[in-house]
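Reading through the structure tokens given below for one structure.
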Amino acid sequence: MTFAELCAMKCEPLKGAHNALRREQIDEWLTALSGWQLAPDASHLRKNFKFRDFAGALAFVNALGWVAERENHHPDLELGWGRCQVRFSTHDVGGISRNDFICAAKTEALLNS
């Protein structure tokens with residue numbers, strides 16, 4: 001899966017463990033996302049973003065909130081002065097799904113546009 005392919009996809013409602021990605025697939029798809037990592041316990045994807053100040057970090061969070069609402073797939077966010085940690089997981093599948101990768105790519109696209 002490429003970054004462009006992930007950005008072009010739309011999230012769909014997913015339920016059940018059969019929609020969770022296998023570790024091999026997660027590792028492969030992570031190569032399309034610069035700086036994103038799988039948490040040590042494999043429970044979520046995450047990335048730390050740095051900004052010049054609080055206003056920049058807050059603007060990013062607000063833009064990401066709009067994307068999350070449009071995709072109906074919402075991250076866990078930790079906002080601080082000049083920083084934001086973004087974490088994606090799919091609670092309804094009990095792990096990582098393709099929706100997490102779609103939204104991680106769209107998060108990256110916010111900063112590249």
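Does L38 satisfy the condition of being out of contact with any Phe, Trp or Tyr (no Cβ under 7 Å at 6 or more places or on another chain) and either of a type in the set (D, E, K, R) or within 14 Å of F101 (Cβ to Cβ) (or both)?
yes
Considering only the range 24-33, state which residues are surrounded by 12 or more Cβ atoms within 10 Å (Cβ to Cβ) and either outside any loop (DSSP other than H, G, I, E, B) or touching a strand residue (DSSP E or B) at 6+ places or on another chain (Cβ under 9 Å) (or both).
Q25, I26, E28, W29, L30, L33
Take the residues in the range 95-113 that are farther than 19 Å from E28 by Cα and aliphatic (A, V, I, L, M), then tell me which one is most open to solvent (accessible area, probe 1.4 Å).
Applying the filter and picking the extreme gives L111.
Among the numbered conditions (1) on the phi > 0 side of the Ramachandran plot; (2) under 10 Å from the mean Cα position of the chain (by Cα), tell me where L33 comes up short.
Condition (1) is where L33 drops out.
Scan the range 83-91 and tell me whether some residue there is closer than 19 Å to A8 by Cα and among the basic types (K, R).
No, because not a single residue in the range 83-91 is closer than 19 Å to A8 by Cα and among the basic types (K, R).
So, E69, is that one of a type in the set (D, E), touching a strand residue (DSSP E or B) at 6+ places or on another chain (Cβ under 9 Å) and free of Cβ contacts under 8 Å to residues at least 40 places away in the same chain or not?
Criteria not met by E69.
Residue by residue through the range 34-67, note down the ones that are in a loop (DSSP other than H, G, I, E, B) and among the basic types (K, R).
Of everything in the range 34-67, just one residue is in a loop (DSSP other than H, G, I, E, B) and among the basic types (K, R), namely R52.
Out of all the residues in the range 68-94, which are modelled with pLDDT of 95 or more, small (G, A, S) and either open to solvent by 30 Å² or more (accessible area, probe 1.4 Å) or not in a helix (DSSP H, G or I) (or both)?
Passing the criteria: G80, G82, S89.
Might you check whether a residue that is touching a strand residue (DSSP E or B) at 6+ places or on another chain (Cβ under 7 Å), more than 18 Å from S89 (Cβ to Cβ) and open to solvent by 50 Å² or more (accessible area, probe 1.4 Å) occurs anywhere in the range 45-57?
The answer is yes; a qualifying residue exists.
The values are calculated or read from the model by the stated rules, or taken from the named source; none is laboratory data. Computed from a predicted model, the values in this text were never measured in an experiment. Positions of Cβ are backbone-derived with ideal geometry, glycine not excepted, and every protein chain shown enters the neighbour counts. The accessibility values were calculated without ligands, DNA or RNA, using every heavy atom of the protein model including side chains. Shrake-Rupley method; radii C 1.70, N 1.55, O 1.52, S 1.80 Å.
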